[in-house]
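Asks: This is the structure I want to talk about, given as structure tokens.
The values are calculated or read from the model by the stated rules, or taken from the named source; none is laboratory data. Everything numeric here is computed off the predicted structure, so don't read it as measured data. All Cβ positions, glycine included, derive from the backbone under ideal geometry; neighbour counts span all protein chains shown. Heads up: the accessible areas ignore ligands, DNA and RNA and are worked out on the full protein's heavy atoms, side chains in. Shrake-Rupley method; radii C 1.70, N 1.55, O 1.52, S 1.80 Å.
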Amino acid sequence: MSEPCVQVRIEDGIAYVQLNRPEKYNAINYLMFSQLDRAIKRIKSNSQIRLVILSGAGGHFSSGLDVKSVMSAPMQAFKLLFKWLPGNANLAQRVSLGWQGLPVPVIAVLEGCCYGGGMQIALGADFRIASPDSKLSIMEAKWGLVPDMAGLVALRQIMPKDQAMLLSLTAKVLSGEEASRLGLVTQLSDHPMLSAQQLAQELLNTSPDAAAAIKLSINRSWTASIRALLCRESWSQVRLLLGKNRAIAATRQLKDPNKAYQDRQSGW
């Protein structure tokens, strides 16, 4: 039986999600799209998962879309792009946008190449930790295409418009260091997986309910009106005050720093 294109391992509240086509530099075929989509849904429904670390097998994150594989099966291409309404996310967009919809922090570990569709997936993460010699590119323009996997949702939040447009128009390949200077990655590290695990331990000190509320508030309010932002903050705070993890967080600060949190509230 062949290996899955996406491997998921859950350990100590962390879901390790790995793109797993190393012989193809983790190029994204239809099966990988489908398995990523299913993995995101499973993680969202599991209240015991506190954080996600997303990476690629074989020293590369992803070389982007496996064009030959997808285009050789027209029905698969149709399924990737189909949506009932233009404003809905299709399968290709859900594997990027889906990470932002999770009620837990998502860290992408970027090594080797991270091109095109791979870059779009990484942009869906909340944090990107890259090796200095990694190679990143919003590469769709090279093939006469527009970036259409919802990466722009995050890109418009982390970069000035002129820089985002320049990178999208030129398909320039950036080193990890260049990407860091432009704000495309969160942190540089010679050992990005180790750094991701260290960051994960720091983030796990936060109540899972507070983490879900903070991520929801920032993602939905970043470009929203002030009134919408204030409404969301107040509603989230009421929910947190009524939850048990708020009291546990206070106990951890004042008495017992090792007291365990309960599973995340539903509905975030």
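Asks: For the range 1-112, give me every one of the strands (runs of 3 or more DSSP E) that falls completely inside it and has 2 or more residues that are modelled with pLDDT of 95 or more and surrounded by fewer than 18 Cβ atoms within 10 Å (Cβ to Cβ).
Replies: Values: elements: 6-11, 14-19, 51-56, 106-110.
Of the strands (runs of 3 or more DSSP E) lying wholly inside the range 1-112, those with at least 2 residues that are modelled with pLDDT of 95 or more and surrounded by fewer than 18 Cβ atoms within 10 Å (Cβ to Cβ) span 6-11.
Asks: Taking the residues in the range 116-142 that are in a loop (DSSP other than H, G, I, E, B) and polar (S, T, N, Q) as candidates, determine which candidate is surrounded by the fewest Cβ atoms within 10 Å (Cβ to Cβ). Walk me through how you get there before you give the answer.
Replies: Applying the first criterion (in a loop (DSSP other than H, G, I, E, B)) to the range 116-142 yields 116, 124-126, 131-134, 138-139.
After this cut, where a residue has to be polar (S, T, N, Q) as well, the list is 131, 134.
Details: Ser131: 23, Ser134: 25.
Ranking the qualifying residues of the range 116-142, first place goes to Ser131.
Asks: Restricting to the range 217-235, name every residue that is open to solvent by less than 100 Å² (accessible area, probe 1.4 Å) and either farther than 21 Å from Ile158 by Cβ or free of Cβ contacts under 8 Å to residues at least 60 places away in the same chain (or both). First the steps, then the outcome.
Replies: Pass one, the range 217-235, residues open to solvent by less than 100 Å² (accessible area, probe 1.4 Å): 217-219, 221, 223-225, 228-234.
Selection gives Ser217, Ile218, Ser221, Ala224, Ser225, Ala228, Leu229, Leu230, Cys231, Arg232, Glu233, Ser234.
Asks: Quick one: which of Leu152, Leu194, Leu166, Leu145 is at pLDDT below 95, part of a helix (DSSP H, G or I), open to solvent by 40 Å² or more (accessible area, probe 1.4 Å) and aliphatic (A, V, I, L, M)?
Replies: Numbers: Leu194 fails: at pLDDT below 95; Leu166 fails: at pLDDT below 95; Leu145 fails: part of a helix (DSSP H, G or I).
So the residue among Leu152, Leu194, Leu166, Leu145 that is at pLDDT below 95, part of a helix (DSSP H, G or I), open to solvent by 40 Å² or more (accessible area, probe 1.4 Å) and aliphatic (A, V, I, L, M) is Leu152.
Asks: Quick one: how many residues across the range 212-242 are among the small types (Gly, Ala, Ser), in a helix (DSSP H, G or I) and over 30 Å from Leu174 (Cβ atoms)? Let's see the steps before the verdict.
Replies: Here is the first cut: in the range 212-242, the ones among the small types (Gly, Ala, Ser) are 212-213, 217, 221, 224-225, 228, 234, 236.
Subset that is in a helix (DSSP H, G or I): 212-213, 217, 221, 228, 234, 236.
With over 30 Å from Leu174 (Cβ atoms) added as a condition, the list becomes 212-213, 217, 228, 234, 236.
Within the range 212-242, residues that are among the small types (Gly, Ala, Ser), in a helix (DSSP H, G or I) and over 30 Å from Leu174 (Cβ atoms) number 6.
Asks: Please specify each residue of the range 162-184 satisfying the condition of being basic (Lys, Arg) and farther than 12 Å from Ser137 by Cβ. Can you show your working first?
Replies: Let us first name the residues in the range 162-184 that are basic (Lys, Arg), namely 172, 181.
Selection gives Arg181 alone.
Asks: Checking the structure you have, find out if any residue of the range 203-221 is farther than 18 Å from Ser55 by Cα, modelled with pLDDT under 95 and touching a Leu at 6+ places or on another chain (Cβ under 6 Å).
Replies: So far as the range 203-221 goes, yes, one or more of its residues are farther than 18 Å from Ser55 by Cα, modelled with pLDDT under 95 and touching a Leu at 6+ places or on another chain (Cβ under 6 Å).
Asks: Shifting gears a bit: If you go through the range 179-191 one residue at a time, do you hit one that is within 22 Å of Val109 (Cβ to Cβ), in contact (Cβ under 8 Å) with a residue 40 or more places away in the chain and part of a helix (DSSP H, G or I)?
Replies: Checked against the condition, which is being within 22 Å of Val109 (Cβ to Cβ), in contact (Cβ under 8 Å) with a residue 40 or more places away in the chain and part of a helix (DSSP H, G or I), the range 179-191 yields at least one hit.
Asks: If you don't mind, another one. I'm told Pro257 meets every condition in (1) open to solvent by 70 Å² or more (accessible area, probe 1.4 Å); (2) without any contact (Cβ under 8 Å) to a residue 24 or more places away in the chain; (3) assigned to a helix (DSSP H, G or I) except one. Can you identify the failing condition by its number?
Replies: Unmet for Pro257, out of (1) open to solvent by 70 Å² or more (accessible area, probe 1.4 Å); (2) without any contact (Cβ under 8 Å) to a residue 24 or more places away in the chain; (3) assigned to a helix (DSSP H, G or I): (3).
Asks: Return yes or no: is Lys172 surrounded by 14 or more Cβ atoms within 10 Å (Cβ to Cβ) and in contact with a Phe, Trp or Tyr (Cβ under 9 Å, 6 or more places away or on another chain)?
Replies: Numbers: surrounded by 14 or more Cβ atoms within 10 Å (Cβ to Cβ): yes; in contact with a Phe, Trp or Tyr (Cβ under 9 Å, 6 or more places away or on another chain): no.
No; evaluated as a whole, the condition is false for this residue.
Asks: Being over 17 Å from the mean Cα position of the chain (by Cα), farther than 30 Å from Asn88 by Cβ, surrounded by 16 or more Cβ atoms within 10 Å (Cβ to Cβ) and of a type outside the set (D, E, K, R) narrows it down to one of Leu182, Leu241, so name that one. Don't jump to the end; show me each part of the working.
Replies: Working: Leu241 fails: surrounded by 16 or more Cβ atoms within 10 Å (Cβ to Cβ).
Testing whether each residue is over 17 Å from the mean Cα position of the chain (by Cα), farther than 30 Å from Asn88 by Cβ, surrounded by 16 or more Cβ atoms within 10 Å (Cβ to Cβ) and of a type outside the set (D, E, K, R) leaves just Leu182.
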